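Heads up, the thing below is written out as C-alpha cells.
Every number in this text was worked out from the coordinates using simple rules, so none of it is lab data. The model shown is predicted, which means the values in this text are computed figures rather than measured ones. Ideal geometry is used to build each Cβ from the backbone, glycine not excepted, and the neighbour counts take in all protein chains shown.
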Amino acid sequence: MDSHQIIIRPLHTEKSVDDIRDNGAYHFQVHPTATKTQVRCAIEEMFPGRNVADVRTLWVKGKEKRVGPRVTNTPNWKKAIVKLRPGETIDIGY
C-alpha cells in the first residue's frame, strides 16, 4: 500500500490538539488493514526527517444515527496515535 492510502487524514479535535501540545502525539485516521509498522513507515516517508518513537492503534466504534423511523450506524474506523521523538514536530495545518 502507498503511504497516502495508509494515512487517510489527520484528526483535528480538542483532544488531539491537547495531545500534540502536551505529549507530541499526533492522531490520524488510517486504513482499516494498516499495521503499526506500516503507519510508522508511512509517517516517516510523508514527513522526511521525522522519527517515530511510538505508534498506538485503536478502533473507533461508529455512532448510531436516527433518520425518522430508521436507525443506522456510521461505519467503524481505525485511528493511529503517533508519538515523535522529543523536539520533533509535524506541520499538519493547525
A student asked for the Cα radius of gyration and Dmax of the chain in angstrom ought to give 14.9, 52
Sorting PRO69, ILE43, THR89 by the position of each Cα along the dipole of the chain (Lys, Arg +1; Asp, Glu -1; all at Cβ), the one nearest the positive end of that ordering is PRO69
Whole-Å distance linking the alpha carbon centroid of the stretch 15-55 with that of the stretch 70-94 is 8
Which residues qualify? For TYR26, with a placed amide H closer than 5 Å and at least 5 residues away or on another chain, they are VAL82, LYS83, LEU84
Checked against the positive end of the charge dipole of the chain (+1 on Cβ of Lys and Arg, -1 on Cβ of Asp and Glu, about the Cα centre), the farthest of GLN5, TRP59, ALA80 is TRP59
Interchain or sequence-distant (5+) residues whose placed amide H lies within less than 5 Å of the amide H of ILE8 are GLN29, VAL30, HIS31
When MET46, MET1 are ranked with the fewest other C-beta atoms within 10 Å first, the list becomes MET1, MET46
